[in-house]
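Written out below as structure tokens is the structure these notes cover.
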Amino acid sequence: MFWKYQRKIFINVLLISIIILPISAHATTLKEYEDQVAKYTAELKEKEAKLAKNKEDVEKVKNNIKNITTKISQTENEIVNIQKEIDRSNKEIEEKNAESKRVIEYYQIENGNNAYLEYIFGAETITDMIYRMSVVEQLTDYNDKIMKELKILVEQNKKKKIELNSKKEDLKKLQSSLEEEKKKIEADSAQVEGTIPSTKGQIEFYQQRVNYYRNKGCSSNDVIGVTCDVPKKVVVTKSSTSSSRSGSSSKVDAGPVIGDNGFRFPVNGGRISQYYGNGGHKGLDITRGCGTPIYAVASGRVYYVGNNLDIYGAKMVLIVHNVNGTLVFSQYAHLQGYNVSVGQDVDNNTVIGYMGTTGYSTGCHLHLEMSEGYGWAYNTTYWTYTKHIINPFKYVPRP
Ligand SMILES: [Zn+2]
């Protein structure tokens, strides 16, 4: 493969690492896994406490809203009553006014009201006339006084009504700001709730790891893969691998190439189409036809089989080897299919899968990538891992 592709896949894998590596191990000691369990458990507790508090707060706000709604309808009733009182007063004023008008007509001596003149002069005595006039005057005075009072009452009630209306507006504002507050709390709860499955997933993942390594006899301060659950040491053997697994019938099997250190070339025969370091290439590309069996480069333990580590979905097998205490990792990419499963111990005679072109690839080939000390999805992030990638020929013999 070409460096451009490598760079692209590197960036993409880096992006995917950011997404998936949180569950693909940072921890090197069992304690770090245990700490992760504790950390995410605390986080979950915090979130649950937050949700409980939010629920309480929402209840409080709901009660407040209910009280305010009651107050608003009380105020509305008061406004209606005040208006009724204003109407009543106005009607009374009108009535008094009409009554006074009728009575005042008695005074309209000068304006030629004959009927009234007749009435006045029809008085039997002057005393009677004065009496009548004084009654009329008293009545109109009384009405004037009542009307004045009513008008004051109307003005007061109108003011009160204005005050009640503005009180109602204030209550409505308060009501809508409480509704906003309620919405905010509910949105916060939804957000928190949305992150809970992932937190639970983290707990589950790390708890499984802890359980797994505890079952393997690891204690908290053990370094995974180094002081406990150590893969078997690479067996130094020159034992010949049979040619019976060859996928292509017509080709003559060249037989295995095995070094004195117990490492072998992963394919019987095959041609190197791209060397390590060529244009930033992080591995060794080997071609030998689709379906060609691929062997583990040395004895070790399979720790990853799948196609979800690479963003392009390349099928990969990842193996950890123990070279006298140094962890060495080998990665086989673009496989057509797998022949091993996670946790399986393999040796240099184990077919781990078959040559293919899955993922970002233009033809059947094997991309063999190796690192020392740090393994992708084993004990570090992809970022750190890339700094520990080595030339496979450091261990693997040239064909
Ligand atoms: Zn490659």
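Would you confirm whether or not the range 190-200 contains a residue that is closer than 30 Å to I72 by Cβ and either touching a Pro at 6+ places or on another chain (Cβ under 9 Å) or at pLDDT 95 or above (or both)?
Yes, the range 190-200 contains a residue that is closer than 30 Å to I72 by Cβ and either touching a Pro at 6+ places or on another chain (Cβ under 9 Å) or at pLDDT 95 or above (or both).
Total residues in the range 290-313 satisfying the condition of being assigned to a loop (DSSP other than H, G, I, E, B), of a type in the set (A, V, I, L, M, F, W, C) and more than 29 Å from the chain's Cα centre (by Cα): the figure is 4. Out of P256, P231, one residue alone is at pLDDT 85 or above, in contact with a strand residue (DSSP E or B) (Cβ under 7 Å, 6 or more places away or on another chain) and either part of a loop (DSSP other than H, G, I, E, B) or among the polar types (S, T, N, Q) (or both). It is P256. The number of residues in the range 384-399 that are surrounded by fewer than 14 Cβ atoms within 10 Å (Cβ to Cβ) and either more than 18 Å from G269 (Cα to Cα) or among the hydroxyl-bearing types (S, T, Y) (or both) comes to 2.
Taking G279, is it on the phi > 0 side of the Ramachandran plot and under 40 Å from the mean Cα position of the chain (by Cα)?
Criteria met by G279.
Taking the range 321-353 as the range and being under 37 Å from the mean Cα position of the chain (by Cα), more than 12 Å from the ligand (Cβ to nearest atom) and at pLDDT 95 or above as the test, the residues that pass are F329, S330, L335, Q336, G337, Y338, V340. Of the residues examined, M316 is not one that is crowded, with 18+ Cβ neighbours inside 10 Å and within 16 Å of R264 (Cβ to Cβ).
Scanning the range 350-385 for residues that are touching a Phe, Trp or Tyr at 6+ places or on another chain (Cβ under 7 Å) and polar (S, T, N, Q) turns up T350, S371, T380, T384.
Being within 15 Å of the ligand (Cβ to nearest atom) and either touching a helix residue (DSSP H, G or I) at 6+ places or on another chain (Cβ under 9 Å) or under 24 Å from V320 (Cα atoms) (or both) is the filter here, so list the residues in the range 278-294 that pass it.
Scanning the range 278-294 gives N278, G279, G280, H281, K282, G283, L284, D285, I286, T287, I294.
Of all residues in the range 364-378, those that are in contact with a Ser or Thr (Cβ under 6 Å, 6 or more places away or on another chain) and at pLDDT below 95 total 2.
Looking at the range 354-369, which of its residues are more than 34 Å from the chain's Cα centre (by Cα) and either within 12 Å of the ligand (Cβ to nearest atom) or free of Cβ contacts under 8 Å to residues at least 60 places away in the same chain (or both)? Please lay out each step first, then the result.
Start the filter on the range 354-369 by keeping residues that are more than 34 Å from the chain's Cα centre (by Cα), which leaves 354-357, 361-369.
Scanning the range 354-369 gives T357, S361, T362, G363, H365, L366, H367, L368, E369.
Restricted to strands (runs of 3 or more DSSP E) entirely inside the range 315-374, those with at least 3 residues that are β-branched (V, I, T) are 316-323. Screening V297 with (1) over 20 Å from P256 (Cα atoms); (2) touching a helix residue (DSSP H, G or I) at 6+ places or on another chain (Cβ under 8 Å) gives one miss only, at (1).
The values are calculated or read from the model by the stated rules, or taken from the named source; none is laboratory data. Keep in mind that what you see is a predicted model, and the values were worked out from it rather than measured. Positions of Cβ are generated from backbone atoms using ideal geometry, with glycine treated the same way; all protein chains shown enter the neighbour counts.
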